[in-house]
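Worksheet: the structure to be examined is printed underneath.
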Amino acid sequence: MSLSARSTPPVVVPRWTWLPHPHGQPAQPPARAWLAAELGDPDLQVRRDGRQRPHLQPPHQAWDCNWSHSGERLLVALAHGARVGVDLERLQRRPRALEVAKRYFTEREAQWLAAQDDRDLAFLRLWCAKEAVLKAHGHGLSFGLHRLRFEADAAGLRLVECDAELGTPEQWRLDEIAPGPGYLGAIAWRPKPL
């Protein structure tokens with residue numbers, strides 16, 4: 001079966017790992033080591049673009065990667081045929097969560113956050129989801145946290161509105177993860193058009 005240009009690419013699920021990461025150490029060397037092992041290429045080359053987003057070099061350009069570190073841990077993801085972004089945060093109190101949400105998130109997200117019993121956890125879930133999508137997109141937080149909106153349902157957070165530069169919400173997938181005690185993360189990806 002062949003897919004036309006208008007067909008939806010098959011669902012891609014990124015691989016990811018959770019690694020120790022000593023505070024103050026660069027994240028790229030351990031991320032690169034894991035990526036090289038996954039791809040079976042000890043000479044794997046990773047380059048950063050002008051916005052510091054990592055890109056795998058030929059012959060691995062059909063793959064995408066991203067990583068995030070927080071505290072003493074590192075989250076690394078790898079996807080074939082997709083753009084992937086990740087964010088990792090330590091679970092801790094965020095006394096200014098609602099203030100930050102009112103300033104930078106959408107109005108509906110700030111209202112949802114205000115209604116949550118565990119506001120710190122809810123804030124981190126939204127933060128990780130937004131940052132993961134924006135890192136996959138390639139512009140990071142500078143693109144604007146208000147330019148995409150998530151809603152929560154029984155399955156978790158899902159993207160429901162976004163700036164046209166991000167594509168359509170239906171193109172995006174999000175996995176909220178708790179890779180280990182005291183940490184929360186998100187992996188966002190969008191299949192590349194075939």
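The values are calculated or read from the model by the stated rules, or taken from the named source; none is laboratory data. Quick caveat, the model's predicted, so the values are computed rather than measured. Ideal geometry is used to build each Cβ from the backbone, glycine not excepted, and the neighbour counts take in all protein chains shown. Just so you know, the surface numbers come from the protein's heavy atoms only, side chains and all, with ligands and any DNA or RNA stripped out. Shrake-Rupley method; radii C 1.70, N 1.55, O 1.52, S 1.80 Å.
General remarks:
- Helices (runs of 4 or more DSSP H) enclosed by region 88-152 - at least 3 residues per element that are within 30 Å of P54 (Cβ to Cβ): 97-104, 119-137
- Evaluation of R158 against (1) part of a strand (DSSP E or B); (2) open to solvent by 40 Å² or more (accessible area, probe 1.4 Å); (3) closer than 30 Å to A33 by Cα (one fails), failing number: (3)
- A97 meets all of the listed conditions (1) touching a Leu at 6+ places or on another chain (Cβ under 8 Å); (2) open to solvent by 30 Å² or more (accessible area, probe 1.4 Å) but one, namely (2).
- Test: L88 is touching a residue at least 60 places away in the same chain (Cβ under 8 Å) and either among the charged types (D, E, K, R) or touching a strand residue (DSSP E or B) at 6+ places or on another chain (Cβ under 6 Å) (or both): yes
- Residue match in region 130-138 (condition: over 20 Å from E89 (Cα atoms), at pLDDT 95 or above, open to solvent by 30 Å² or more (accessible area, probe 1.4 Å) and not polar (S, T, N, Q)): no
- Some residue of region 165-176 being at positive phi and touching a residue at least 40 places away in the same chain (Cβ under 8 Å): no
- In region 54-86, residue most open to solvent (accessible area, probe 1.4 Å) [restricted to those that are in contact with a helix residue (DSSP H, G or I) (Cβ under 7 Å, 6 or more places away or on another chain) and within 19 Å of G167 (Cβ to Cβ)]: R83
- Qualifying residue in region 22-29 (condition: at pLDDT 95 or above and touching a Leu at 6+ places or on another chain (Cβ under 8 Å)): yes
- All told, P181 meets the bar of being within 25 Å of R15 (Cβ to Cβ), open to solvent by 60 Å² or more (accessible area, probe 1.4 Å) and assigned to a loop (DSSP other than H, G, I, E, B).
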